[in-house]
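The values are calculated or read from the model by the stated rules, or taken from the named source; none is laboratory data. Since the structure is predicted, the reported quantities are computational estimates derived from the model, not experimental observations. Don't worry about glycine lacking a Cβ; one is built from the backbone with ideal geometry, like all the others, and counts go over all protein chains shown.
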Amino acid sequence: MANGVMTQTQYIPYLAQKGLKSWILTTDHKRIGILYLVTISFFFMIGGLTALGMRYELMTPELDFFRSTTEYNVAFTLHGSLMVFFFIVPGIAASFGNFLLPLMIGARDVAFPRINLLSFWIYLAGTAILLFALMQPADTGWTFYTPYSIQTGAKVIMITLGVFVLGFSSILTGMNFIVTIHKLRAPGMTWSRLPLFIWASYATAILQLLATPVVGITLLLLIAERAFDIGFFDPAKGGDPILFQNFFWFYSHPAVYIMIIPAFGIISEIIPVFARKPIFGYKAIAYSSFAIAIISFFVWMHHMFVSGISETAAAIFSFLTMLVAIPTAIKVFNWIATLYKGSIEFHSSMLYALSFIVLFTIGGLTGVYLGALAIDVHLHDTYFIVAHMHYVMIGGTVMGFFGGLHFWYQKWFGKVFNELTAKAAWFLVFVGFNVTFFPQFFMGFQGMPRRYATYPAEYISYHAISTYGSWILGLGILIMTVNLLLPLMKKSNYPKSSNPYGSLSLEWQVPSPPPHENFDKIPTVTDWTYSYGKNRSEANAKK
Amino acid sequence: MSTTAQHAESHAHGHGLGETVTHNAAKFGMWLFLGTEILLFGGLFAAYALFRAKYPDLFYESHKKLDISLGTINTIVLIFSSFTMAMAVSAAQKRNRKWLMILLGVTFICAAAFGVNKYFEYSAKFHHDIFPDTNIFFALYFMMTGLHMLHVFLGMGIILALIIMAKQGRFKEGNRYTPVEVGGLYWHLVDLIWIYLFPLLYLIG
């Protein structure tokens, strides 16, 4: 539309309705998005606190903070399970995905709004089961490797049942999103005009559908193993413990892309807006998500290089693992090319997006490094892995998550936060993150194994620096959280414009917060989402 | 700007989605869900392939203890129920409420017969001291047929719901027979999985 304002006959923001019932029984995708956002943020905070506790323990070589090494094991199981199953897997896909998907494609809601709500309730049921089970300390780690998970006294059946239920929620959300993208795009919203966040959500949804059932059956088998002693994973009964690892990673490796691909989508949305340039290599970015999704199913054995698999298998999986780097690098190069000669504005969300590129590249390259067989044997189960994984998961996904929060904050809540404080918080997060995890590359390389509460004194300086870093990171996240929560409690801080960054994407063409039905009239799309060059003066004038 | 507020589509103005869109979306959604079901069983099929390659003799000897005639009867019952289900969908499309209810009823009875048959089969196994922990073959047998049985129960619930909806006259006008078609798709999958389970477990030769 030329004037950039979508006239609403009667504008009622989706947040207008109050009361508990209007939330727990809502089928509005935006409200369901908020329900997810609040829940995952809560678990992110708890998971973060357990991490701070572990880091505090590791400041000195002896056991001092926790009373026993089992307590430390319980802490890292809790940290891993909360962060993986409660926060990062459903994370961006369910919260931002729900909120943005219909808005971005010009629909009033997802294809199955009631299944969408059901999926949230199943997610809650899964978390309830899991939390209940975790009240009795569990020490299996989040991977439930056999045979230990069969022998331990922890409530493995309950925990895996919780994860199984969570998987159901994931499948239903993925199914809902794919159908929505196929069937509910506004007139003119062709596949080649789709926002890249939608492409990313689509690739993620496919992964959710293809991978989750396999972990589902794996967990059922683990339950049957404990309940009926079926012996699938027990060598004494002719079973194969490695089969569990194969099954588990067949899901869990694609799952790491379920965690990261939505973040790719967010970065692809933020960068062109603040570089004021059309995204470079649109199709390459869109298709590379699918290339990653496909390749991700053929690399799982790289988690098992030291489990006794054949050298041939290991060599093949090592090669396939390195293939993932190609589509991933395509994305990174395209983002950088978008920045090239752009008119860059350092909004807080852009700062997170730029840190994403830097940190994710470090995480990704160390991944290629780990994919090399001989090196992996040396680095397996050391802090090098811990550092690599956190560079991808925090440096990648969480940076994307924070960036998205700052970028769409006005759209979600119809409020503005303090930009200067946001930048200060970003600085602390960026510095704190690197101080925490960069030293872990060094100590891992020197042989410090992961998952231990105590360690030889020679690693103390690395561990101490890492712990100090975790405090800076924690402080940064605390300031960011307060900065984002304060405006919600005030009666002021309303945005001046519904499209302050001059974005061309559909969700910015409706008021903030959007009305209940999103669009007064379903828009007809006539142009590509990223035509920033063409309409540059117009878009700039609007700011 | 990338959009105009003009709306050409007729369904764009109404707040609900068009009937055709809803119908196609529901079918597409069910197909995707069925894909995940196949992958769920896929894990068991993979385990089956691994263990059968590893212990061919054990599989051959153990499978002799399964009752082929009961398995065959169940196969026929289930294939027949798939046929009546397909006919039920056709009846729904033709708005033939009477035949819809009869055919759904027959499908339900077949599903129940399958369950009763399975009950006798399981009890006979338990009677002969055969349990999931007897050996890998029977672990697979109980896991695969057990998970399949769960799906049969779920399918019976769906069929029952369809019968009640049909009785209430929910499939009268427009495209409203969508639930029958979607439920039918689900039931065919339950049948299809059994068609693979039967030879894999009962007909090892």
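Hey, could you check the range B:60-74 for residues that are among the hydrophobic types (A, V, I, L, M, F, W, C) and in a helix (DSSP H, G or I) and say which is farthest from the other protein chains (Cβ to nearest Cβ)?
Pass one, the range B:60-74, residues among the hydrophobic types (A, V, I, L, M, F, W, C): B:66, B:68, B:70, B:73.
Narrowing further to those that are in a helix (DSSP H, G or I): B:68, B:70, B:73.
On the way: B:ILE68: 23, B:LEU70: 22, B:ILE73: 27 Å.
So, considering only residues that are among the hydrophobic types (A, V, I, L, M, F, W, C) and in a helix (DSSP H, G or I), the one farthest from the other protein chains (Cβ to nearest Cβ) is B:ILE73.
Do we find that A:GLN245 is away from chain B (no Cβ under 11 Å), of a type in the set (S, T, N, Q), in a helix (DSSP H, G or I) and touching a residue at least 40 places away in the same chain (Cβ under 8 Å) in this structure? Considered against the rule, which asks whether it is away from chain B (no Cβ under 11 Å), of a type in the set (S, T, N, Q), in a helix (DSSP H, G or I) and touching a residue at least 40 places away in the same chain (Cβ under 8 Å), A:GLN245 comes out as yes. In summary, helices (runs of 4 or more DSSP H) completely within the range A:59-160 and bearing 3 or more residues that are surrounded by fewer than 23 Cβ atoms within 10 Å (Cβ to Cβ) and within 25 Å of the chain's Cα centre (by Cα) occur at A:69-81, A:113-135. Within the range A:197-213, the set of residues being of a type in the set (Val, Ile, Thr) and either surrounded by fewer than 24 Cβ atoms within 10 Å (Cβ to Cβ) or outside any helix (DSSP H, G or I) (or both) comprises A:ILE206 only.
Listed here are the residues, each with its yes/no results for (1) without any contact (Cβ under 8 Å) to a residue 60 or more places away in the chain; (2) over 30 Å from A:ALA227 (Cβ atoms); (3) among the charged types (D, E, K, R).
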site	(1), (2), (3)
B:GLN93	no, yes, no
B:MET101	no, yes, no
B:GLY105	yes, yes, no
B:ASN117	yes, no, no
B:ASN135	no, no, no
B:PHE138	no, no, no
B:MET143	no, no, no
B:MET149	yes, no, no
B:GLY155	yes, no, no
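Condition test on B:LEU103, is it within 14 Å of chain A (Cβ to nearest Cβ) and under 19 Å from the mean Cα position of the chain (by Cα)? For B:LEU103, the condition - within 14 Å of chain A (Cβ to nearest Cβ) and under 19 Å from the mean Cα position of the chain (by Cα) - is not met.
Checking each residue in the range A:41-58 for being farther than 30 Å from A:ASN98 by Cβ and assigned to a helix (DSSP H, G or I) picks out A:GLY53, A:MET54, A:ARG55, A:TYR56, A:GLU57. Residues that are surrounded by 20 or more Cβ atoms within 10 Å (Cβ to Cβ), farther than 27 Å from B:LEU40 by Cα and either of a type in the set (Lys, Arg) or modelled with pLDDT of 95 or more (or both) occur in the range A:248-263; there is at least one.
Screening the candidates B:LEU162, B:LEU140, B:LEU104, B:LEU150 for the property of being out of contact with any Cys (no Cβ under 8 Å at 6 or more places or on another chain), of a type outside the set (Asp, Glu) and surrounded by fewer than 20 Cβ atoms within 10 Å (Cβ to Cβ) yields one hit, B:LEU150. Taking every residue in the range A:481-497 that is in a loop (DSSP other than H, G, I, E, B) and pairing it with any residue that is surrounded by 13 or more Cβ atoms within 10 Å (Cβ to Cβ), at least 6 positions away or on another chain, the pairs with Cβ-Cβ distances below 6 Å are A:ASN493/A:LYS415; A:ASN493/A:VAL416; A:ASN493/A:PRO487; A:PRO495/A:GLN410; A:PRO495/A:VAL416; A:PRO495/A:SER512.
Among the residues that make up the range A:214-225, is at least one of them more than 8 Å from chain B (Cβ to nearest Cβ), out of contact with any Phe, Trp or Tyr (no Cβ under 7 Å at 6 or more places or on another chain) and either of a type in the set (D, E, K, R) or surrounded by 23 or more Cβ atoms within 10 Å (Cβ to Cβ) (or both)? Checking the range A:214-225: not a single residue is more than 8 Å from chain B (Cβ to nearest Cβ), out of contact with any Phe, Trp or Tyr (no Cβ under 7 Å at 6 or more places or on another chain) and either of a type in the set (D, E, K, R) or surrounded by 23 or more Cβ atoms within 10 Å (Cβ to Cβ) (or both). For the range A:292-299, indicate whether the set of residues that are assigned to a helix (DSSP H, G or I), of a type in the set (A, V, I, L, M), without any contact (Cβ under 8 Å) to a residue 60 or more places away in the chain and over 30 Å from A:HIS347 (Cα atoms) is non-empty. Yes, the range A:292-299 contains a residue that is assigned to a helix (DSSP H, G or I), of a type in the set (A, V, I, L, M), without any contact (Cβ under 8 Å) to a residue 60 or more places away in the chain and over 30 Å from A:HIS347 (Cα atoms). Residues of the range B:166-184 being surrounded by 17 or more Cβ atoms within 10 Å (Cβ to Cβ) and assigned to a helix (DSSP H, G or I), which ones? Once the filter is applied, which keeps residues that are surrounded by 17 or more Cβ atoms within 10 Å (Cβ to Cβ) and assigned to a helix (DSSP H, G or I), the range B:166-184 yields B:ALA166, B:THR178, B:PRO179, B:VAL180, B:GLU181, B:VAL182, B:GLY183, B:GLY184.
Taking only the range A:269-281 into account, find how many residues are buried (at least 22 other Cβ atoms within 10 Å of the Cβ) and out of contact with any Gly (no Cβ under 9 Å at 6 or more places or on another chain).
So the count comes out to 1.
Scanning the range A:9-40 for residues that are part of a loop (DSSP other than H, G, I, E, B) and loosely packed, with under 13 Cβ neighbours inside 10 Å yields A:THR9, A:GLN10, A:ILE12, A:ALA16, A:LYS18, A:GLY19, A:LEU25. When we screen A:LEU379, A:LEU405 for residues that are in contact with a helix residue (DSSP H, G or I) (Cβ under 7 Å, 6 or more places away or on another chain), more than 19 Å from A:MET54 (Cβ to Cβ) and modelled with pLDDT under 95, the only hit is A:LEU379. Selection over the range A:164-185 of residues that are farther than 30 Å from A:TRP142 by Cβ, surrounded by fewer than 22 Cβ atoms within 10 Å (Cβ to Cβ) and more than 8 Å from every other protein chain (Cβ to nearest Cβ) gives a count of 1. Taking the criterion of being outside any helix (DSSP H, G or I) and either within 14 Å of chain A (Cβ to nearest Cβ) or polar (S, T, N, Q) (or both), the residues of the range B:124-165 that qualify are B:ILE130, B:PHE131, B:PRO132, B:ASP133, B:THR134, B:ASN135. Within the range B:41-59, at least one residue is out of contact with any Ser or Thr (no Cβ under 8 Å at 6 or more places or on another chain), within 30 Å of A:PRO113 (Cα to Cα) and within 12 Å of chain A (Cβ to nearest Cβ). Taken as a whole, the range B:165-187 holds no residue that is aliphatic (A, V, I, L, M), closer than 20 Å to B:PHE45 by Cα and at pLDDT below 95.
Report yes if A:PHE232 is within 8 Å of chain B (Cβ to nearest Cβ) and either touching a Phe, Trp or Tyr at 6+ places or on another chain (Cβ under 7 Å) or crowded, with 24+ Cβ neighbours inside 10 Å (or both), otherwise no. It would help to see each step written out before you state the result.
Details: within 8 Å of chain B (Cβ to nearest Cβ): yes; either touching a Phe, Trp or Tyr at 6+ places or on another chain (Cβ under 7 Å) or crowded, with 24+ Cβ neighbours inside 10 Å (or both): yes.
The answer is yes for A:PHE232.
Residues in the range A:1-56 that are farther than 25 Å from A:TYR501 by Cβ, within 14 Å of chain B (Cβ to nearest Cβ) and modelled with pLDDT of 90 or more: 1 in all. Select from the range A:220-242 the residues that are among the β-branched types (Val, Ile, Thr) and either closer than 21 Å to A:LEU166 by Cα or free of Cβ contacts under 8 Å to residues at least 12 places away in the same chain (or both) and list them in ascending order. Hits for the range A:220-242 are A:ILE223, A:ILE230.
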